[in-house]
Amino acid sequence: MLNKRQLALLSLGTSLSFWDIFNVPYIEDFASKNLGEVSSVLILSAEMIGYFIGGMFNGFFATRFGRKPGLLLSMFLIAFGSLIGFFSFSSIQLVIAELIIGMGIEGEVAIVPSYISEMVSKDFRGRAVGFTSMFGFLMSLVVGPMAVFLGEKYWRLLFLPSIVIAILALITRFKLPESKMWIERKYEKLKWDKMVIIFILIWFTSYFTGYSLFSTPIFYTITSKGFENSSLYFTYILYGDPVGVIFASILNDYFERKYSSALANLLSGGLVIIWPFFTGFSFLVIGFMIMFFQGFKFPVMYAYTSENFATKIRTIGYGIADGIGHLGGAVGPIVMALLYLENISVSYIIVGIMSVISALFILYFGVLTKGKSLEEIKG
């Protein structure tokens, strides 16, 4: 079993992962001023493709060699990619940096919830996963002001914390124990699970919406609503994300995660659909609530995804589902950008509908997990 200190060490690396997730919109926005709109969209898409590659590779690595080596690999990739980003002066370098960082981040997303779920009690599983990821999402409270302070001229410095924290996290993770459930089943034959396909669809549609909310059309919309400093007001909206994570992390073991996961996607998608029809303060409030439910879904869905796979396939199944699912995050911003040029309302409707579809998949195919051990659910 993991103690509080060990969970805190895991949170250090997780916080780094989400630093990189949250700084991408600012890097994309600032880089677009110098590199052009198409290049900036590719920067975000490159990280999503990195998730796709990293999910399968890191998930298999953790299945074959253990959860602990997988956790070490993810930190190394984030540090290496951030180093490239820090010294980048072209769109190609930024794309390569975000690709590698994405591989490392997906290693965290695929392995940390699975590792924690295997190493804590059934009654604390949701909160343990939630609190670990919560520290990551709280990084948005730091990233936003830091990005606004640095501005267009010094945006490369947003990569610096990633280098420092990744090295520290890499060192501390050598002291973590290996998962006992993995040790007991490491020689078992790997068996395919149809739930991998189901969760690919769940995460693809959910990420399609989530990462579209980080794309350049969002900044254009904010400006069109009369808020001249789009980066500043995007930060106000983005703060809904960590607030949602905090609520979800606290409540994660008190409700059936199948239903809370679906509800977060459903409400978020519905609000996205009506968002462009509002102006002024109400526009900011709805944007905040969209981000609130986007944040709420992650601690719940992270725990819930790991519960839907058996131990032997847990990290690779999670990695494939979440990694391929992240292609939705690569496609979403591009689709939204293209639709936005033709019809603003339609672009938001399509993005919102994708989140609703994710909720319907969860309701129809997801299993009930509350109060059950991993052995009781899938073995």
What's the Kirkwood radius of region 86-188 in Å, using all Cα pairs? 16.4
Kindly state, to the nearest 0.05, the FRET efficiency for residue 86 paired with residue 247, given R0 = 25 Å and r defined as their beta-carbon distance. 0.15
Take the alpha carbon atoms of region 6-155, find their radius of gyration, then divide it by 2.2 N^0.38 Å using N residues; give the quotient. 1.07
Viscosity 1.306 mPa s, temperature 10 °C, Stokes-Einstein D of region 128-200 from Kirkwood C-alpha radius, µm²/s: 96
Give me the percent of the accessible area of the chain that comes from carbon and sulfur atoms, probe 1.4 Å, all protein chains in place. 73
Note, residue 97: beta-carbon cut-off 11 Å, +1 each Lys/Arg, -1 each Asp/Glu, net -2
Could you tell me how far the Cα centroid of region 289-343 sits from the Cα centroid of region 141-219, in Å? 11
Partners for residue 312 among lysines (Cα-Cα distance below 17 Å; same-chain residues under 8 apart left out): 68, 180, 186, 189, 191, 194, 378
Just going by the charge dipole of the chain, with Lys and Arg at +1 and Asp and Glu at -1 on Cβ, which of 249, 287, 124 is farthest out on the positive end? 124
Helical mean residue ellipticity (222 nm; -39500 (n - 2.57) per DSSP H run of 4+; nearest 500) of the chain: -26500 deg cm²/dmol
Cβ neighbours within 10 Å, averaged per peptide: list 224-233, 104-113 in order, most packed at the top. 104-113, 224-233
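In the neighborhood of residue 77, defined by Cβ-to-Cβ distances under 15 Å, what is the net charge if each Lys or Arg adds +1 and each Asp or Glu adds -1?
With Lys, Arg at +1 and Asp, Glu at -1, the neighbours total -4.
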How far is it, in nm, from the label point at residue 228 to the one at residue 285 when both lie 7 Å from their Cα along the line to the Cβ? 2.6
Charges only on Cβ, +1 for Lys and Arg, -1 for Asp and Glu: so what's the dipole of the chain about the Cα centre, in debye to the nearest 20? 1220
Here are some values of Cα Rg over 2.2 N^0.38 Å: (i) 0.96; (ii) 0.91; (iii) 1.07. Which one was computed from this structure? (ii)
For the chain, accessible area per residue (1.4 Å probe, heavy atoms of protein chains only), Å²: 38
Backbone N under 17 Å from the residue 220 label point (7 Å along Cα→Cβ), restricted to region 338-361: 338-352
Shape box of region 166-274 [Cα atoms, principal axes, largest first, Å]: 60, 37, 28
Please list 49, 171, 84 from largest to smallest accessible area, probe radius 1.4 Å, with all protein chains kept in place. 171, 49, 84
Can you tell me the mean projection area, over all orientations, of the convex hull of region 238-361's alpha carbons? Units nm², please. 8.0
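The values are calculated or read from the model by the stated rules, or taken from the named source; none is laboratory data. These numbers come from a predicted model, not from an experiment. Every residue, glycine as well, gets a Cβ built from its backbone with ideal geometry; the counts of neighbours run over all protein chains shown. Remember, those area values only see protein heavy atoms, side chains included, never the ligands or the DNA or RNA. Shrake-Rupley method; radii C 1.70, N 1.55, O 1.52, S 1.80 Å.
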